[in-house]
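*Asks:* Can you read through this structure? Questions will come right after.
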């Protein structure tokens, strides 16, 4: 597992802008490209979009969220409070197809029920998790 500093980067032709590093996240790409090679040499997609239940759940203070991406695209993984308000963005990046896991540390949040939402291309999934301190 690796630890990353998050920065936003903007490219347009010859223009470039980058923010200062903000929060850190721990991130691990679990599986390769999501493609298997058949005996004919063709590449076959074997992944689907999927958001798994976090583990452990209930949790204190950190939990792991796993998800799969069927094809490359903008991946948004956000933590929401019970009112649907975003409290943390874990991933907002273009990712290739594959399986991923990310550790979410909620030490600064209050106990309660939280939602986590995965948006990739036309796929949207929401799951519930419980933070018990």
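The values are calculated or read from the model by the stated rules, or taken from the named source; none is laboratory data. Everything numeric here is computed off the predicted structure, so don't read it as measured data. Every residue, glycine as well, gets a Cβ built from its backbone with ideal geometry; the counts of neighbours run over all protein chains shown.
*Asks:* Inside the range 1-93, counting only strands (runs of 3 or more DSSP E) that do not spill past its ends, which hold 1 or more residues that are modelled with pLDDT of 90 or more, within 16 Å of the chain's Cα centre (by Cα) and surrounded by 14 or more Cβ atoms within 10 Å (Cβ to Cβ)? Spell out the reasoning first.
*Replies:* On the way: elements: 2-5, 9-12, 15-18, 24-29, 35-37, 43-45, 62-69, 73-80.
It comes to 62-69, 73-80.
*Asks:* Starting from the range 103-127, keep only residues that are at positive phi, then list their pairs with residues that are surrounded by 19 or more Cβ atoms within 10 Å (Cβ to Cβ) and assigned to a strand (DSSP E or B) whose Cβ atoms are within a distance under 8 Å, requiring at least 6 positions of separation or different chains.
*Replies:* Once the first residue is at positive phi and sits in the range 103-127, its partners that are surrounded by 19 or more Cβ atoms within 10 Å (Cβ to Cβ) and assigned to a strand (DSSP E or B) give 112/131.
*Asks:* Let me ask something additional. For residue 99, all conditions in the list (1) in contact with a strand residue (DSSP E or B) (Cβ under 6 Å, 6 or more places away or on another chain); (2) modelled with pLDDT under 95; (3) loosely packed, with under 15 Cβ neighbours inside 10 Å hold save one; what is the number of the exception?
*Replies:* Among (1) in contact with a strand residue (DSSP E or B) (Cβ under 6 Å, 6 or more places away or on another chain); (2) modelled with pLDDT under 95; (3) loosely packed, with under 15 Cβ neighbours inside 10 Å, residue 99 violates only (3).
*Asks:* Hey, residue 125 hits all of (1) loosely packed, with under 13 Cβ neighbours inside 10 Å; (2) not in a loop (DSSP other than H, G, I, E, B) but one; which does it fall short on?
*Replies:* The one condition residue 125 does not meet is (1).
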